[in-house]
Amino acid sequence: SAENFSIVLSQPVLATLGTASALGTILDDDQPVISIAAAAPGTAEGDSGTTGCTFTVSRSSDQGSASVNYRVVHAGTSASDFSGVTAGTVEFAAGQTTQTITLAITGDRTVETSEGFKVLLSDPQGGVLGTASANGRITNDDTPTLDILVASASKVEGSRNAVTPFTFTVTRDTGIGD
């Protein structure tokens, strides 16, 4: 906002004062800084439906209105990991300094590695970009299934103090996961 100041002349030496004061105004030409941050380091995907993954967009001043575009940049994720909007515009009305972006993460029961993505800000109006990207992470919350193969599990016991080996095969339904 604008700042007013005044200058007052006093105690002249070898002169007389005519107009002894003046007012000045410093007009604020600094634009608010708009930045983004992840609300949490990661979001568990869930087994079905969607889970919200939230990012906070903030600006350094509540004066006037402002807006900024955002979009998801995949870095391990794909479009199928999200349900709904993954790009749009965040708008600030006068008096607002924070807004949120909530992305809908699609739940599944697939054992996979955790996946990363970024939310990138661009094209600010009524402000300038500060921190223009934030990292997001979809954490895998699925576990693999272990099975023991059914086979004949009977053997003759053998002689006293002898070892009779049994062999069972255990399988895992996937080789990946955190």
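The values are calculated or read from the model by the stated rules, or taken from the named source; none is laboratory data. It should be emphasised that the depicted structure is a prediction, and the values quoted were computed from it without experimental measurement. Positions of Cβ are backbone-derived with ideal geometry, glycine not excepted, and every protein chain shown enters the neighbour counts. Accessible surface areas use protein heavy atoms only, side chains included; no ligands, DNA or RNA. Shrake-Rupley method; radii C 1.70, N 1.55, O 1.52, S 1.80 Å.
Here ASP30 fits the description: among the charged types (D, E, K, R) and free of Cβ contacts under 8 Å to residues at least 60 places away in the same chain.
Which residues, taken from the range 40-88, are in a loop (DSSP other than H, G, I, E, B) and of a type in the set (Val, Ile, Thr)?
THR77, VAL85, THR86 - these are the residues of the range 40-88 that are in a loop (DSSP other than H, G, I, E, B) and of a type in the set (Val, Ile, Thr).
Could you grab me the full set of residues in the range 1-12 that are in a loop (DSSP other than H, G, I, E, B) and at pLDDT below 85? Scanning the range 1-12 gives SER1, ALA2, LEU9, PRO12.
For the range 96-107, the candidate set comprises residues that are modelled with pLDDT under 95 and more than 14 Å from the chain's Cα centre (by Cα); within that set, the residue that is surrounded by the most Cβ atoms within 10 Å (Cβ to Cβ) is GLY107. Yes or no: the range 26-33 includes at least one residue that is at pLDDT 80 or above, out of contact with any helix residue (DSSP H, G or I) (no Cβ under 6 Å at 6 or more places or on another chain), open to solvent by 90 Å² or more (accessible area, probe 1.4 Å) and not in a loop (DSSP other than H, G, I, E, B). No, the range 26-33 contains no residue that is at pLDDT 80 or above, out of contact with any helix residue (DSSP H, G or I) (no Cβ under 6 Å at 6 or more places or on another chain), open to solvent by 90 Å² or more (accessible area, probe 1.4 Å) and not in a loop (DSSP other than H, G, I, E, B).
Residues in the range 97-128 that are among the aliphatic types (A, V, I, L, M) and assigned to a strand (DSSP E or B) were compared, and the one that is farthest from HIS74 (Cα to Cα) is VAL128.
Within the range 129-151, track down each residue that is open to solvent by 60 Å² or more (accessible area, probe 1.4 Å) and either touching a helix residue (DSSP H, G or I) at 6+ places or on another chain (Cβ under 6 Å) or part of a strand (DSSP E or B) (or both).
LEU129, ASN135, ARG137, LEU146, ASP147, ILE148
Listed by first and then second residue, the pairs with beta-carbon distance under 9 Å, at least 6 apart or on different chains, first residue in the range 1-21 and among the hydroxyl-bearing types (Ser, Thr, Tyr), second open to solvent by 100 Å² or more (accessible area, probe 1.4 Å) and assigned to a loop (DSSP other than H, G, I, E, B), are SER1/GLN63. Residues that are open to solvent by 50 Å² or more (accessible area, probe 1.4 Å) and more than 20 Å from SER65 (Cα to Cα) within the range 113-128 comprise THR113, LYS118, LEU120, listed in sequence order. Contact annotation: residue pairs with Cβ atoms under 8 Å, 6 or more positions apart or on different chains, pairing a residue in the range 153-174 that is over 30 Å from VAL111 (Cα atoms) with a partner that is of a type in the set (Ser, Thr, Tyr), are LYS155/THR164; VAL156/THR164; GLU157/THR164; GLY158/THR164. When restricted to residues that are under 16 Å from the mean Cα position of the chain (by Cα), farther than 12 Å from GLY136 by Cβ and touching a residue at least 60 places away in the same chain (Cβ under 8 Å), the range 60-79 contains 1. When THR110 is tested against (1) at pLDDT below 95; (2) buried (at least 18 other Cβ atoms within 10 Å of the Cβ), exactly one condition is not met: (2).
In the range 34-76, the qualifying residues are those that are out of contact with any helix residue (DSSP H, G or I) (no Cβ under 9 Å at 6 or more places or on another chain) and acidic (Asp, Glu), and the one that is surrounded by the fewest Cβ atoms within 10 Å (Cβ to Cβ) is ASP47.
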